[in-house]
Structures are given as structure tokens and as C-alpha cells.
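Enquirer: If you scroll down you'll find the structure; I have some questions about it.
Read the figures in this text as sums done on the coordinates, not as results from a lab. Not measured: the values here are computed from a predicted model. Cβ atoms come from the backbone with ideal geometry, glycine included; neighbour counts cover every protein chain shown.
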Amino acid sequence: MINSVIPVPKECRNCGEEILYGRTDKKFCNDACRIDYNNKVKMERRGEHPEFVKKIAKILSHNYQILRKLNTKSKTIVSEQQLNGLGFNFNYLTSYHITQKGDVYHFCFDQGYLKIKDNQVLLVVQPNQTEM
Ligand SMILES: [Zn+2]
């Protein structure tokens with residue numbers, strides 16, 4: 001009788017792809033995956049965030065500073081062009097709030113905005129964001 005043992009396919013620890021060749025104790029599909037995985041582990045140990053997280057945090061911080069600088073009266077109307085001109089990125093926000101009327105306020109921390117007519121933007125401040 002033939003005792004056939006079918007090896008359980010192993011998955012790369014980094015990308016999850018099946019490891020098709022190499023030693024049986026191989027943990028990664030290639031060197032790039034091994035290096036990438038080890039870098040992630042090192043980064044986590046140091047309490048660092050990956051590059052893309054740092055990039056988004058920078059965009060949010062920039063957006064926040066723009067809104068704070070422009071919103072001097074806590075209810076200021078500016079134009080979309082003005083925000084764009086300062087490098088405001090409408091794709092990034094920290095939360096949103098939909099009113100009963102259906103208006104959607106977008107927030108970057110406590111600084112929010114509502115797009116109103118004619119490319120105008122109403123800037124608002126909403127304290128206690130963490131309690132929402
Ligand atoms: Zn891999």
C-alpha cells in the first residue's frame with residue numbers, strides 16, 4: 001500500500017500567496033516578501049506607522065490647518081476655489097454628520113464644512129468630536 005502524504009500548501013506570511021516551490025520550511029514566497037514582512041515587524045515594534053498612514057495624517061493635518069485659519073468667526077463662508085488654492089484635499093476627512101434636512105457636514109477633527117450653492121463652502125466648528 002502506498003502511504004501518500006499530500007503536503008498542506010503553505011502560505012506566504014507576508015502576502016498570503018501559496019508557496020509553490022522551495023524548502024518545506026520556507027515562510028515567504030520571495031525575498032521581497034521576506035524583507036517587507038521583516039520591515040513591518042520592526043516598524044510595529046518601534047510603534048511607527050506605515051508610510052501611507054503618515055501620508056494621510058499629513059493631509060488631514062494640512063486640511064485642519066487650512067480650515068482653522070480660514071474659519072475666524074466659527075461660521076465663515078469661503079469658496080471651493082479658495083480651499084483648492086490653499087491645497088485643501090476634499091477626499092480626506094475624519095467624520096461626517098448628516099442633518100435631518102439631509103445636509104452633509106464633513107469634518108476634519110472639530111473643523112467642519114458644508115458645501116452650499118455656487119461652489120461656496122460654509123465652515124463650522126463642532127467641539128466634542130470624540131463624543132459623537
Ligand atoms: Zn509573498
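Enquirer: Less than 12 Å Cβ to Cβ from N38, Lys/Arg counted +1 and Asp/Glu -1: what total charge do the surrounding residues give?
Expert: Neighbourhood net charge equals +3.
Enquirer: What is the distance, in nm, between label points placed 7 Å from the Cα along the Cα-to-Cβ direction at K10 and at N84?
Expert: 5.4
Enquirer: Right, next: Compute the length gained on full extension between N128 and A32: take 0.36 nm times their separation in residues and subtract their Cα-Cα distance, giving the result in nm to one decimal.
Expert: 30.1 nm
Enquirer: Follow-up question, since we're still on this one. Expected output is a single nm value to one decimal: the length gained when fully extending between Y96 and L60, i.e. 0.36 nm times separation in residues minus the C-alpha distance. What is it?
Expert: This chain segment gains 11.6 nm when fully extended.
Enquirer: Taking the Cα atoms of the chain, what is the range of coordinates along each of the three principal axes, in descending order and whole Å?
Expert: Cα extents, longest axis first: 83, 32, 29 Å.
Enquirer: Follow-up question, since we're still on this one. Please report the relative contact order for the chain, taking Cα pairs under 8 Å with a sequence separation of at least 6, and give it as a percent rounded to a whole number.
Expert: Here the relative contact order equals 16 percent.
Enquirer: Cβ under 15 Å from R68's Cβ, R68 left aside: what net charge do those residues give with Lys, Arg +1 and Asp, Glu -1?
Expert: +2
Enquirer: Going by how many other beta carbons lie within 10 Å of each one, how would you line up F88, F52, fewest first?
Expert: F52, F88
Enquirer: Pop out the ³J(HN,Hα) list for the stretch 109-119 in order, Karplus 6.51 cos²θ - 1.76 cosθ + 1.60 with θ = phi - 60°, rounded to Hz; leave Gly and Pro as x.
Expert: Running phi through 6.51 cos²θ - 1.76 cosθ + 1.60 with θ = phi - 60° gives 6, 8, 8, x, 8, 10, 6, 10, 5, 6, 6 Hz.
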